[in-house]
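Student: My structure is below; once you've seen it, I'll send some questions.
The values are calculated or read from the model by the stated rules, or taken from the named source; none is laboratory data. These numbers come from a predicted model, not from an experiment. As a convention, Cβ positions derive from the backbone with ideal geometry for all residues, glycine included, and neighbour counts pool all protein chains shown.
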């Protein structure tokens, strides 16, 4: 029986229906499957269908907060035993992995049913989701525009109403960029808040973080309750939490000191729609009683990118050479996209001494931003400097990484900063462009202080609601 109201519920809402016996988890799985079949030919969000697995999980879901809720894993660090994780690359083996990641185990324990894996750019390199292996993910708001990246398949699926939340990770904005582009809630947690076991201690010296994209603030908070916490041997331990994150969404934020910025760190102008959005949100915050002023952390103009790109290149080289060791050969013609090959060549030139110098510079930047945050509880910026870009603007066929990433430098001036500092940052769907595309607003807090972000986000969800705003491809 069709459950026409399916997409009007968030994850916790669907789980509540299951617990009350008003709908079964198997019925929810079939609803999600029907929407994958309906929408995926248009948006190309799901690249591996796991219907049999999802149906089996739905028959006996774990008794967690998301009991029986349909879910999608990302084709990057979304490891589950018996299925491949290819990171969107033809060079990566399609052999099944042998065990669940620590994160997947926690997702299972929360009650979720896994129905598929979502689209990513090759090796998660881009702020758009376009690859030679899978083809582009398309934005449900306008299919000629990008979903953002690298969790773009996840963003498209949640925005279209296929699932209420989906796995995402973030090494330079890959949770927050799709959240902004697709009109969703996207939190990058504090460094060390969520696990990478058993095969990784960290990714990119702590730049990468795991979580989800959602349509509601409470789903984001409740899922962080399910997945956070360190494991023995983890290289970082996030500060302890005072109370469950879901409870934080029910607390008043109090009067916060909010800094906001309407230029990028180099002082360059942002798109007028992004400026309008941040000004409207700043005014709303002031009207809500917060102390709001314009300010920017002390960053050098090109500093985040100068640290970020060579670190990413070095990590990419280590991943490609690790895969080469596993399969017994290096990449051959056609195995890697030209852009990936170009960045791989850059990464091979980064010496161990240079890499450690970059990590030192990263820590120096983090100290300066932390000093700035002593004077403010929250820093507000647009998540991106532009509304969602057209597909094809960043060419995967350009072998020169500097040339290929040139559009991205202007597009993504803010999100890598919090990966370098480790502080939490949250994108909320508070604005729209003149052309009807989503524009996210990003809130950064002090290291370990997701609580403030969730309290403020819940206040803004009420003051500037987005619940009834849906894309053209929906439900």
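Student: Name the residues in region 273-301 that are loosely packed, with under 14 Cβ neighbours inside 10 Å and under 26 Å from residue 402 (Cα atoms), would you?
Tutor: 298, 300, 301
Student: While we're on this one: For residues that are closer than 19 Å to residue 321 by Cβ, surrounded by fewer than 16 Cβ atoms within 10 Å (Cβ to Cβ) and touching a residue at least 24 places away in the same chain (Cβ under 8 Å), tally how many sit in region 350-387.
Tutor: The first filter runs over region 350-387 and keeps only residues closer than 19 Å to residue 321 by Cβ, leaving 350-356, 358.
From what is left, the residues that are surrounded by fewer than 16 Cβ atoms within 10 Å (Cβ to Cβ) are 351-354, 356.
Then keep just the ones that are touching a residue at least 24 places away in the same chain (Cβ under 8 Å); that gives 354.
Residues that pass the stated criteria total 1.
Student: Can I ask one more? Could you list, in sequence order, the residues of region 68-82 that are assigned to a loop (DSSP other than H, G, I, E, B), at negative phi and crowded, with 19+ Cβ neighbours inside 10 Å? Give the derivation first.
Tutor: Of region 68-82, the ones assigned to a loop (DSSP other than H, G, I, E, B) are 68-69, 75-82.
Those left that are additionally at negative phi: 69, 75-76, 78-81.
Across region 68-82, the qualifying residues are 69, 75, 76, 78, 79, 80.
Student: Can you name every residue in region 367-393 that is over 21 Å from the mean Cα position of the chain (by Cα) and more than 22 Å from residue 410 (Cβ to Cβ)?
Tutor: Applying the first criterion (over 21 Å from the mean Cα position of the chain (by Cα)) to region 367-393 yields 367-377.
Of everything in region 367-393, those that are over 21 Å from the mean Cα position of the chain (by Cα) and more than 22 Å from residue 410 (Cβ to Cβ) turn out to be 367, 368, 370, 371, 372, 373, 374, 375, 376, 377.
Student: Answer yes if at least one residue in region 440-462 is farther than 22 Å from residue 295 by Cβ and free of Cβ contacts under 8 Å to residues at least 60 places away in the same chain, and no otherwise.
Tutor: Scanning region 440-462 turns up at least one residue that is farther than 22 Å from residue 295 by Cβ and free of Cβ contacts under 8 Å to residues at least 60 places away in the same chain.
Student: Can you name the residue in region 83-126 that is in contact with a strand residue (DSSP E or B) (Cβ under 9 Å, 6 or more places away or on another chain), in a helix (DSSP H, G or I) and touching a residue at least 60 places away in the same chain (Cβ under 8 Å) and, of all such residues, is surrounded by the most Cβ atoms within 10 Å (Cβ to Cβ)?
Tutor: Here the answer is 107.
Student: Any residue at all in region 27-44 that's within 25 Å of the chain's Cα centre (by Cα), surrounded by 16 or more Cβ atoms within 10 Å (Cβ to Cβ) and in a loop (DSSP other than H, G, I, E, B)?
Tutor: The answer is yes, given that some residue of region 27-44 is within 25 Å of the chain's Cα centre (by Cα), surrounded by 16 or more Cβ atoms within 10 Å (Cβ to Cβ) and in a loop (DSSP other than H, G, I, E, B).
Student: Cβ-Cβ distance below 6 Å, separation of 6 or more or different chains: which pairs start in region 9-37 with a residue that is touching a residue at least 60 places away in the same chain (Cβ under 8 Å) and end on one that is surrounded by fewer than 18 Cβ atoms within 10 Å (Cβ to Cβ)?
Tutor: Filtered contacts from region 9-37: 29/55; 33/51.
Student: Condition test on residue 241, is it at pLDDT 95 or above and part of a loop (DSSP other than H, G, I, E, B)? Don't jump to the end; show me each part of the working.
Tutor: Values: at pLDDT 95 or above: yes; part of a loop (DSSP other than H, G, I, E, B): yes.
Against the criterion (at pLDDT 95 or above and part of a loop (DSSP other than H, G, I, E, B)), residue 241 qualifies.
Student: Right, next: Restricting attention to region 255-286, which residues are free of Cβ contacts under 8 Å to residues at least 24 places away in the same chain and either closer than 22 Å to residue 453 by Cβ or touching a strand residue (DSSP E or B) at 6+ places or on another chain (Cβ under 7 Å) (or both)?
Tutor: 269, 279, 283, 286, listed by residue number.
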